[in-house]
Amino acid sequence: CKSVTAALSEQVRLLIEQYRGPYGRIMAELIGEGQANPDLLAEFRERFLMRRRAVARDLIEDGKAIQEFDPNIDTDLVCDMIYGSLYYRLLIGHLPLDSGFAEALPKHVFGALYRTDTSPSSCCRPHP
């Protein structure tokens, strides 16, 4: 059984891998240009960001439905926790988008999402 955590972690890992190369520089330029061009930023949100976010939202909602995650978590806030830190590193460049970050980000974010009143089955909870 593949957990929701594993699926989201893989999505994050793949995105970070893409953003470490030329694709990341292009994305940063688009977002930067979008600050002065609201139409471009709207297109970026509609064509790229919202589609990717919808996949993450669906996965998080699945995790809530199968009780892998606490059902009371704010799905949009969790998306912001995941992708906000990723885009912050992409745009500011204060720390690298490296494999260590790709591994640590899901562990820290998802660790806060697990239900505290029950224990999910072992297939749906990462092992330390």
Loop trypsin sites (Lys or Arg not before Pro), the range 1-65, which have at most 12 other Cβ atoms in a 10 Å radius of their Cβ (DSSP):
K2
Dipole of the chain, Cα-centred, from +1 at each Lys and Arg C-beta and -1 at each Asp and Glu C-beta, to the nearest 20 debye?
280 debye
Pair-distance profile P(r), taking every C-alpha pair of the chain, with 10 angstrom steps and integer %:
12, 41, 31, 13, 2
Between Y114 and residues 5 or more places away or on another chain, the pairs with built amide H atoms under 5 Å apart involve D70
When Lys and Arg each count +1 and Asp and Glu each count -1, what net charge do the other residues less than 9 Å away from G34, Cβ to Cβ, add up to?
-2
Quick one: with all protein chains in place, what share of the accessible area of the chain is carbon or sulfur, to the nearest percent (1.4 Å probe)?
54 percent
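The values are calculated or read from the model by the stated rules, or taken from the named source; none is laboratory data. Everything quoted here is computed from the prediction, not taken from an experiment. Neighbour counts are summed over all protein chains in view; Cβ atoms, including those assigned to glycine, are modelled from backbone coordinates with ideal geometry. Areas reflect the complete protein model, heavy atoms only, side chains present, ligands, DNA and RNA absent. Shrake-Rupley method; radii C 1.70, N 1.55, O 1.52, S 1.80 Å.
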